[in-house]
1. Between G141, G104, G237, where does the largest GNM mean-square fluctuation fall for the chain, given springs only between Cα atoms within less than 10 Å?
2. I'd like the distance between the alpha-carbon centres of the range 133-195 and the range 28-73, rounded to an integer number of Å.
3. Are there GluC sites (Glu not before Pro) in the range 44-122 that DSSP marks as loop and that have at most 11 other Cβ atoms within 10 Å, and which are they?
4. With all pairs of different alpha carbon atoms counted, what Kirkwood hydrodynamic radius in Å does the chain show?
5. Above 20 angstrom, tally the Cα pairs of the range 153-254 and express them as a % of all pairs, no decimals.
6. Suppose every K and R has +1 on its Cβ and every D and E has -1 on its Cβ; what is the size of the dipole of the chain about the Cα centre, in Debye to the nearest 20?
7. For the range 18-248, build the charge dipole from Cβ charges (+1 Lys, Arg; -1 Asp, Glu) around the Cα centre, then report which of I114, A69, L171 sits farthest towards its positive end.
8. Which of the GluC sites (Glu not before Pro) found in the range 159-254 are loop residues per DSSP with 15 or fewer other Cβ atoms within 10 Å of their Cβ?
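Readers should treat all values here as calculations from the given coordinates under stated rules, not as data from a laboratory. This is a predicted model, so every value here is computed, not measured. Cβ: placed from backbone, ideal geometry, glycine included. Neighbour counts: every protein chain shown.
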Amino acid sequence: MPNQQPNPEGTASDAAVDKMNASDDTGVSARLEAVRARIAAAEARFEREPGSVELLAVSKVQPAALIRAAYQHSQVAFGESYVQEACDKQVLLADLALDWHFIGRIQSNKTKLIAEHFSWVHGLGDTHHAQRLGAQRIALGLAPLRCCLQVNLSGEASKAGVEPNALPLLLEQCSAIEGLRIEGLMTLPAPSDNLESQRQPFAELRSLRDQLATPEQPLATLSMGMSDDLEAAVAEGATMVRIGTAVFGPRPQH
């Protein structure tokens with residue numbers, strides 16, 4: 001990980017980091033165990049290969065001490081949505097071998113920091129940002145940035161990502177950009193509390209992947225599913241689920 005400079009203004013969680021104690025570890029440990037059990041049960045129920053679904057712990061707005069506690073229980077992949085907050089936490093956790101995933105909206109003025117401080121991007125949805133990230137990754141002398149293209153399956157204007165009919169062109173264009181490696185697809189569907197309706201958008205994403213995958217570019221990663229719908233995502237082929245509240249508890253109120 002390149003040298004990281006903390007935000008001189010700090011983050012709202014900085015003051016709490018040094019005050020965290022062992023009681024936090026107990027909560028994180030139990031929640032991690034419960035989430036891993038849910039994933040394993042879903043793998044068995046839907047006849048998935050054991051261990052085929054990776055847990056990405058979404059740590060945005062959570063203090064660094066809770067990330068450290070999760071690491072002590074074998075969690076290494078963490079998802080962050082706010083660039084400066086993530087960079088500040090990376091400084092505090094520089095002694096740990098962590099895998100940082102950017103899962104928020106990409107802003108042009110933040111692409112250099114994303115290229116420098118993350119190994120994955122889950123929300124790539126346009127060639128402008130892709131070109132900036134690729135060029136900046138090369139300039140930094142780093143390995144290609146692993147990316148999932150975000151697909152907006154719900155048609156919600158508030159959601160990022162491309163419409164399904166625009167995905168083939170975006171994939172073609174981004175695949176040609178040096179400094180990036182397109183690993184698969186990501187989606188964030190509209191909430192639902194019914195298993196069958198939850199499965200529908202995940203099945204659509206899997207179908208899109210199956211249509212576009214090639215032996216040279218298998219698009220093996222399907223980043224889909226969160227705390228409330230991970231079973232539906234696993235049923236439809238998720239290889240990575242993004243879980244926040246179920247791992248860390250409610251987000252702190254500042």
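1. Evaluated over the chain, the most mobile residue of the options is G141.
2. So the two Cα centres are separated by 23 Å.
3. E47
4. 18.7 Å
5. Details: 2227 of 5151 pairs.
Distances greater than 20 Å cover 43 percent of the Cα pairs.
6. About 300 debye.
7. So the residue we want is I114.
8. Sites meeting the loop and neighbour criteria: E178, E216.
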